[in-house]
1. Looking at the structure I just gave you, is B:GLY128 small (Gly, Ala, Ser) and over 20 Å from the mean Cα position of the chain (by Cα)?
2. Quick check on this structure: which one of B:ILE174, B:ILE211, B:ILE242 is within 14 Å of chain A (Cβ to nearest Cβ) and touching a residue at least 40 places away in the same chain (Cβ under 8 Å)?
3. Which one of A:GLU38, A:GLU51 is touching a residue at least 12 places away in the same chain (Cβ under 8 Å) and of a type in the set (Asp, Glu)?
4. Answer yes or no: is there a residue in region A:13-33 that is assigned to a loop (DSSP other than H, G, I, E, B), within 14 Å of chain B (Cβ to nearest Cβ), open to solvent by 60 Å² or more (accessible area, probe 1.4 Å) and of a type outside the set (S, T, N, Q).
5. Look at region A:341-365 and say how many of its residues are among the hydroxyl-bearing types (Ser, Thr, Tyr) and not in a helix (DSSP H, G or I).
6. Conditions: (1) crowded, with 24+ Cβ neighbours inside 10 Å; (2) out of contact with any strand residue (DSSP E or B) (no Cβ under 6 Å at 6 or more places or on another chain); (3) not in a helix (DSSP H, G or I). B:TRP78 meets all but one. Number of the miss?
7. Being more than 13 Å from every other protein chain (Cβ to nearest Cβ) and among the hydrophobic types (A, V, I, L, M, F, W, C) is the filter here, so list the residues in region A:155-171 that pass it.
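The values are calculated or read from the model by the stated rules, or taken from the named source; none is laboratory data. Note that this is a predicted model, so its numbers are computed, not measured. Here the Cβ positions follow ideal geometry from the backbone for every residue, glycine too, while neighbour counts run over all protein chains shown. Protein only, heavy atoms only, side chains kept; ligands, DNA and RNA dropped before computing areas. Shrake-Rupley method; radii C 1.70, N 1.55, O 1.52, S 1.80 Å.
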2 protein chains.
Amino acid sequence: MSTKKFLLQESDIPTAWYNIAADMKNKPRPILNPGTKEPLKPEDLYPLFAEELAKQELNQTDPWIEIPEEVRDLYKVWRPTPLVRAYGLEKALDTPAHIYFKNESVSPVGSHKLNSALPQAYYCKKQGVTNITTETGAGQWGAALSYAAKAFGLELAVYMVKISYHQKPYRRSIMQTFGAQVIASPSMSTKSGRKVLTENPTYQGSLGTAISEAIELAMGTPNCKYTLGSVLSHVMLHQTVIGLEAEKQMEMAGEYPEVIIGCFGGGSNFSGISFPFLRHKINEGKDIRVIAAEPASCPKLTRGEFQYDFGDEAGYTPLLPMYTLGHSFAPAHIHAGGLRYHGAGSIVSQLRQDKLIEAVDVQQLETFDAATLFAQSEGIIPAPESAHAIAVAIQEAKKAKEEGKQRTILFNLSGHGLIDMAAYDQYFAGDLSNYDLSDEELQKNLSTLEHII
Amino acid sequence: MSTKKFLLQESDIPTAWYNIAADMKNKPRPILNPGTKEPLKPEDLYPLFAEELAKQELNQTDPWIEIPEEVRDLYKVWRPTPLVRAYGLEKALDTPAHIYFKNESVSPVGSHKLNSALPQAYYCKKQGVTNITTETGAGQWGAALSYAAKAFGLELAVYMVKISYHQKPYRRSIMQTFGAQVIASPSMSTKSGRKVLTENPTYQGSLGTAISEAIELAMGTPNCKYTLGSVLSHVMLHQTVIGLEAEKQMEMAGEYPEVIIGCFGGGSNFSGISFPFLRHKINEGKDIRVIAAEPASCPKLTRGEFQYDFGDEAGYTPLLPMYTLGHSFAPAHIHAGGLRYHGAGSIVSQLRQDKLIEAVDVQQLETFDAATLFAQSEGIIPAPESAHAIAVAIQEAKKAKEEGKQRTILFNLSGHGLIDMAAYDQYFAGDLSNYDLSDEELQKNLSTLEHII
């Protein structure tokens, strides 16, 4: 646990988010109207999202978007977050690699999700919205949005994926303590929820279904907008504060990361840590590898198809260009609830298509092995999601050892696992499993995709 | 949630702990051998404690004791901690008072306990000890010591009070993740545990009983020392880093606290925040009020007796001069497990005797009201223990409003409550109670005390 922190001042908190779409040679494909197959304009998104967020979503021209002062003030509650040289982990691995992690777990809700929750709540409030809805998997996003809704005086309803509602009751309580309504999804409170429950009464839910329910509630509630914690381009945009700070901190450390790793659900923390570094790969040809670490049971980037698909289970969203497993894919019950999503955001999908990023899938047991080693060597118990990034960082550090090469590795510790201790209990008791996704099951889901690309 | 943080640099971490006993006009009374009633010398404590800790325990001459470089290096993992001006809480209370809190919840284990866990593990390791034992109530101390034991490569066994073992299973898991053995107390693994269980098979435990078991195990294990998270003077000493940092930070804020508040179990976080300020009251007559916030169900400072008593239930410890409810006192099942202890440390007891500090007792429901208001206005969910300090800070802020006076209040946020969400659930469901300690029950326990003072 002999760590070294690289700390910035409040004045180092970025004043603008980085919009990678402006720099990409191949722009992300447009979002389409599912009926007409026509590209959407910002105003088409206004019924669902705050106007400023809809504009950010489709902005492919401005590389820098100013962070409102009110948001930056709230970032100061916990930002800048530390960059840590993981000497303890390096020693445990006996590796020549230098391992750094950006510690986003220090936020008051325990994860990076607050980076986007605050601006989303802010833009809604500024527009006079009074109510917002959302979905949450493990509850990290829901907890963050509950905090942000309270900070800006908004009412919030959260559909929480049922498996997580039961696996992680403390995160439900955190949301309720901040004053949010929390409903287990699928629920009987929406048409889409009822449909799923009718077909499969014991279904434990997925982010796709929870999104459908949250959209349905938003559409049926006056002065209410929907918000999303990942996948969409404006969420990736907000998360770039992570990588922008990390860039300065790596400079303080006198090194440049050759490998950058984030765990991958829909892409929010992965984009946050990597996009600011990727801009130097895109603009200046900087030689770096960027790796998305996803669960073997939900391998959209490693085994999915690049195609237009819905962002939710019921098909309420527009069509998004994404690496997808099919929007009706029902992921296995892994503890990394935040990674149980069928698709990747449109920017990340294009970057993957253009081979600017890589993806690796990891089995659940390997992630808990990695998490325990990290906890015992660095003193922080990671969230099961973040453990995927740690597992891949360890793989890379071991490779460096085999090759006898120094290598500088940076990963994002997106959140702590203090609310996920039941998962650790199961792991220590030998009750956790790996989950394989069979080719048959995969093909069955992919076959439902309409072929537009 | 419009907070303002006052941040220090790593170089501002204190280089020495403050030993208030050296400055006290009336020294704490000596610790006595229960048989001979003779004052103990450091060497009498060597069988139980690391030698350096035993010396610190009885040191009443040196006001400053140097912090070893190895400990200071590990303090850097999370220290200095922020001092926060609680604008959100002030606004919610509409008070002219200025409220500040020292945020000790940012430590990797979520509480101030790591401040003493690290030096205790360090001094044991330095002396060649291989195994340590301890007790824990809510699990904050046990989690901290598990981290410290892992950091210094020691084996650790923790007796966790049974009620907390069941109320707070995640803290048990945290200890296990760091590699510690955790046993619910009372247990069948010790003579003292078996005796308690024989007399009362359903007894849910107390810190007093858990201490007895931990001491018994340490005495019967080769190369093993016992460690304690509160009550003893060397623990208070280590915790003074809190107040020493806070002093500098209050100076940055351009104010001086007129009221300083800490929750009170055995005294560790209370001493940590207050002793550095009390030295100016003792040495220069500075006009400040220092308030210990204790549970109404365990009111040693407000209703206990100043007398010699054992530190544990079985009577294995030497006799300590303390405000006590009697060492066989069985506290009610409040969620603030860290405050369920029968006695106050000898220094705090002497300060109370000399009217240098005050004490207030608070009912459980008032502490959860305060905790919820704090969470919703400051964005941090506090530990049930810390909520006692918040409740008293709110009382003082309301008084300031009634009197129409500005008043500067500082309290210690000793830990976060993310592992205590089950308690919040019960509170929101209306399932939490207040607990009154009847005079009859109190007198019954006090009557067991031998009258030495």
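1. Working: small (Gly, Ala, Ser): yes; over 20 Å from the mean Cα position of the chain (by Cα): yes.
The answer is yes for B:GLY128.
2. Working: B:ILE211 fails: within 14 Å of chain A (Cβ to nearest Cβ); B:ILE242 fails: within 14 Å of chain A (Cβ to nearest Cβ).
The conditions single out B:ILE174.
3. Numbers: A:GLU38 fails: touching a residue at least 12 places away in the same chain (Cβ under 8 Å).
After applying the criteria, what remains is A:GLU51.
4. In the first step, residues of region A:13-33 are kept if they are assigned to a loop (DSSP other than H, G, I, E, B); the result is A:13-15, A:19, A:23-31, A:33.
Remaining after also requiring within 14 Å of chain B (Cβ to nearest Cβ): A:13.
Applying the additional criterion that residues be open to solvent by 60 Å² or more (accessible area, probe 1.4 Å) yields none.
Within region A:13-33, not a single residue is assigned to a loop (DSSP other than H, G, I, E, B), within 14 Å of chain B (Cβ to nearest Cβ), open to solvent by 60 Å² or more (accessible area, probe 1.4 Å) and of a type outside the set (S, T, N, Q).
5. Narrowing region A:341-365 to residues among the hydroxyl-bearing types (Ser, Thr, Tyr): A:341, A:346, A:349.
After this cut, where a residue has to be not in a helix (DSSP H, G or I) as well, the list is A:341.
The qualifying residues number 1.
6. With (1) crowded, with 24+ Cβ neighbours inside 10 Å; (2) out of contact with any strand residue (DSSP E or B) (no Cβ under 6 Å at 6 or more places or on another chain); (3) not in a helix (DSSP H, G or I) applied to B:TRP78, the lone miss is (1).
7. Of everything in region A:155-171, those that are more than 13 Å from every other protein chain (Cβ to nearest Cβ) and among the hydrophobic types (A, V, I, L, M, F, W, C) turn out to be A:ALA157, A:VAL158, A:MET160, A:VAL161, A:ILE163.
Residue by residue, here is whether (1) within 30 Å of A:ARG407 (Cβ to Cβ); (2) over 21 Å from the mean Cα position of the chain (by Cα) holds:
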{"site": "A:PRO169", "(1), (2)": "no, no"}
{"site": "A:THR190", "(1), (2)": "no, yes"}
{"site": "A:TYR203", "(1), (2)": "no, yes"}
{"site": "A:ALA210", "(1), (2)": "no, no"}
{"site": "A:LEU228", "(1), (2)": "no, no"}
{"site": "A:LEU237", "(1), (2)": "yes, no"}
{"site": "A:GLY243", "(1), (2)": "yes, no"}
